[in-house]
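Notes to accompany the following structure.
The values are calculated or read from the model by the stated rules, or taken from the named source; none is laboratory data. Remember, it's a predicted structure, so these values are computed and weren't measured experimentally. Cβ atoms come from the backbone with ideal geometry, glycine included; neighbour counts cover every protein chain shown. Heavy atoms of the whole protein, side chains included, go into the accessibility calculation; ligands, DNA and RNA do not. Shrake-Rupley method; radii C 1.70, N 1.55, O 1.52, S 1.80 Å.
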Amino acid sequence: LYDQEEAEAYIFMNPVKRERLEKGWTQAELALKLGVKQSTVAKWERKGAIYRVKTRKKFSNVFGIDEKSFS
């Protein structure tokens with residue numbers, strides 16, 4: 001079980017980072033799957049990141065979840 005602070009940190013974590021960690025992937029592995037640089041993944045994982053529609057679709061395909069999760 002998680003304590004409340006850990007649970008809240010996970011819930012409010014950047015969605016790309018959360019999904020990547022759920023899969024057990026490094027930023028470099030996710031970058032390879034998406035065809036981008038690792039530094040791009042790092043940028044996408046920043047707090048408050050905003051994603052283009054095309055990028056949200058890529059995330060949806062790679063993670064196998066609805067693209068609305070990245071809105």
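Within the range 19-28, the set of residues being in a helix (DSSP H, G or I) and within 11 Å of the chain's Cα centre (by Cα) comprises Glu19, Arg20, Leu21, Glu22, Lys23, Gln27.
Here's the yes/no breakdown for (1) open to solvent by 50 Å² or more (accessible area, probe 1.4 Å); (2) out of contact with any Pro (no Cβ under 9 Å at 6 or more places or on another chain); (3) without any contact (Cβ under 8 Å) to a residue 40 or more places away in the chain; (4) not in a helix (DSSP H, G or I):
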{"position": "Tyr10", "(1), (2), (3), (4)": "yes, yes, yes, no"}
{"position": "Lys17", "(1), (2), (3), (4)": "yes, yes, yes, no"}
{"position": "Leu30", "(1), (2), (3), (4)": "no, yes, yes, no"}
{"position": "Lys33", "(1), (2), (3), (4)": "yes, yes, yes, no"}
{"position": "Lys47", "(1), (2), (3), (4)": "yes, yes, yes, yes"}
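Taken over the range 1-25, the criterion of being at pLDDT 80 or above and of a type in the set (Phe, Trp, Tyr) is satisfied by Phe12, Trp25. Reported count of residues in the range 49-71, each being open to solvent by 70 Å² or more (accessible area, probe 1.4 Å), assigned to a helix (DSSP H, G or I) and without any contact (Cβ under 8 Å) to a residue 24 or more places away in the chain, is 5.
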